[in-house]
Every structure is written in C-alpha cells, then in structure tokens.
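The structure appears below as structure tokens.
The values are calculated or read from the model by the stated rules, or taken from the named source; none is laboratory data. Just so we're clear, the structure is a prediction, and the values are computed from it rather than from any experiment. Quick reminder, even Gly has a Cβ in these numbers, built from the backbone with ideal geometry, and neighbours come from all protein chains shown.
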Amino acid sequence: MSVTRREVVVGALAAGALGAGPTPARASGNDQLELLLAFEHRLEAAYRAALAGDAVDLALGRSLLAQEREHVRGVELALRSVGRRGPRSSAPRGAPREALSGRRDFARFALALETETVAAYTQVLATLDAPDLLQPLGSIMTAGAQHQVALRRLLGEPLLARKH
Amino acid sequence: MRPVQARFTRRGALGGAAALALASCGGRDDPSSGRPQAGSGAGLLNSIVALEHASVAAWAAIAVALPEGPRVQAEVIGRREVHHAKRVAMLVRELGGTPPESRPQSEYQPMFPRLRDEAAALHFARDLEERLVRAYLDALRSLPDTEQRRVAAEIAVEEAQDLAVVALLSGGSASTQAFVTGVS
C-alpha cells in the first residue's frame, strides 16, 4: 500500500505531538506556531468567503480551501507537540469586503496574504526550537509557495517573482 | 498550455543530478583540516552547492529542449538556481570553508538523461525540482544556525514555486498537494 505525502507529513506532526511534552524552553515555539495557525485560519476563511461570494474560480477555490484546512490541522498538531496553552479566543479575520468584490481583487488579496504567510513560515522555521517539526511545517510552507504561483497565473502576472 | 506526455524513466532523470551532487562534495570540507568546524553545517551546505551547480547545468540543458515560451521560463529558473548556488556558497565561506566550484557544462551533460523532446525535458525538470525541494526541507532539520535555516527555507520556497511552474508547463495545475515534500 502506498503512503501519501499527506500521511507522511501528518504522521510526522502527530509523532511530534505524542513524543514531546510542553517545556518552558518551548514557550516561544507556542507563540510562533500560534502565529502560523492564525495565518492559516485567515487563509481558510478567505477562500471560504470567496467561494461563497463567487470571488474565485470554483475549482481552484475548492482546491485551495481544502489545502488550507489540511494546513490548519497540521499546525494544530504541531501546536500540541509544544504544549498549546488553550483554545483560540477570537474568530479568524477573513477577507475584507472590498477583496470580495471581484475575482481579480480577491486574487490580489489572496496573493498578498499567501505571501505574508510564506514569509512568516520562513521566519519561524529559522528559529523554531523543535527539529522534528521543521520538515512537516516546511512542506506546508512550500505548498503556500505554490499557491502564490497559482494566484499569479490568475492575475496574469509573471509566475516567478523577478528578484534575480 | 498543452498537456505533455512523459516518455522516459524516472531513474534516468534522477540519476544524473544525484550522482553529480555526490561526486562533487568531497575533499574541500574536511572538518579535520581545522576549518570549518565539524557540525557547523558546512558539509551539508557544500553538498547543496554541488547540487545547485548541477541544477544550473541541468536547466541549461532543459531550456535547449523546450520551445520558445517554456524556454523563457526555464531560463528564469536557471538564473534562480545560479542565485541559490551563490547564496549557499556564501554560507560556506562564512564558516571558513571553500564551496565547490561549478564544472563546465560538458562535464555535466553526459550525466543527464537524453532530452529528446519537450516531454522528456519537463519530466527531468520536475524530478530535478522535486529533489531540490526535498534537499532544502531535509537541510532545515540538520543546519545548526538560524541564518542557514532562514536561507534554506527561503530557497525551498523558490524551488517549490519552480516546481509549480514546471507543472503548469506540463499542462497540470500549479498547486495540487497540501504538503509539498519533494522526493529524494
């Protein structure tokens, strides 16, 4: 039986959750992962709102929403491994009304949010003191990077940012 | 973009770049020589520099096998790989090491699969980028320094984007997986 990438990554995140208890040294890891979870919740809420408001292509929107839900579950598993302090107290912000006024507006908003999220992952992966979580969290970050390409294509922008 | 059917083996595609990476990373980074220190990450970084040099050569070969539109994308990706090699080589130098230098294209070429057509070139490109994504994600766990890990994470992002572009050029979707792990 073949093992999917999802099973491998979720397994790694779950193994981290089972094998590591909360320690004072990992307190900052909790904050870092809460930040990533907040971004993932925002993306999930944004794609859900865009689908409801016909502000995104149906197939792409469904695909990205499904992936964001997986990311939320993945980061939640990671949070367990560093000892999450408690449930979130606030509902995630979705997309502002102006971002849902048309497909181009939403794509632009989503691209900015995906870019901000990927940047947060690079920062967290550089400093997070939880070696077992770096690869699985990295595989979420790289999925976000591919979302950027999908959204740039929608916008008719160059697929790759021209930094080089 | 029109779908392209892949028509050659995965083993052939992976073999060249992998062999190059392994062959290129010995000798210049012996921790027993005094610098850099064992456990500094220099050995791993050197192996990545070697892989990036091979990737630059691979993308040059891939570009030649593609029609004009995709070729432009291949050239953009090739330039990104050049930049990656420089960034990682800089990390090695900061540790006091000497990164491996690139070799002439003619030395890499025999180690690549035959790229007879667009499909073969894109298949090779996909395998190459999958391998690069995995290399940087693996490195995250092993690199000891914050800046090294930041660079690895930033380049992993770009390799995943390159992989998405290859998927689009092949007639697929940019984003189909919730977890992009690459393959080794």
- For the range A:83-117, enumerate the residues that are small (G, A, S), modelled with pLDDT under 95 and closer than 27 Å to B:E154 by Cβ. A:A95, A:A99
- The residue from A:L113, A:L159, A:L125, A:L154 that alone is of a type in the set (A, V, I, L, M, F, W, C) and closer than 19 Å to A:A78 by Cβ is A:L125
- Message: Being more than 7 Å from chain B (Cβ to nearest Cβ), assigned to a helix (DSSP H, G or I) and surrounded by 19 or more Cβ atoms within 10 Å (Cβ to Cβ) is the filter here; which residues of the range A:126-153 pass it?
- Response: A:L133, A:P136, A:L137, A:G144, A:L151, A:R152
- Would you mention how many residues in the range B:169-184 are in contact (Cβ under 8 Å) with a residue 12 or more places away in the chain and crowded, with 20+ Cβ neighbours inside 10 Å? 5
- Do the conditions hold for B:V49, that is, is it buried (at least 24 other Cβ atoms within 10 Å of the Cβ), in a helix (DSSP H, G or I) and among the β-branched types (V, I, T)? yes
- Answer with yes or no whether B:R141 is touching a Pro at 6+ places or on another chain (Cβ under 8 Å), more than 9 Å from chain A (Cβ to nearest Cβ), surrounded by fewer than 23 Cβ atoms within 10 Å (Cβ to Cβ) and free of Cβ contacts under 8 Å to residues at least 40 places away in the same chain. no
- Here are some residues: B:A85, B:A135, B:A152, B:A121. Which one is away from chain A (no Cβ under 14 Å), at pLDDT 95 or above and part of a helix (DSSP H, G or I)? B:A121
- Query: Out of (1) of a type in the set (V, I, T); (2) out of contact with any Ser or Thr (no Cβ under 8 Å at 6 or more places or on another chain); (3) surrounded by fewer than 22 Cβ atoms within 10 Å (Cβ to Cβ), what's the single condition that is false for B:I155?
  - Reply: (3)
- Query: Under 6 Å by Cβ, and 6 or more places apart or on different chains, what pairs join a residue from the range B:88-103 that is surrounded by 15 or more Cβ atoms within 10 Å (Cβ to Cβ) with one that is polar (S, T, N, Q) and modelled with pLDDT under 95?
  - Reply: B:L95/B:S40; B:P100/B:S24
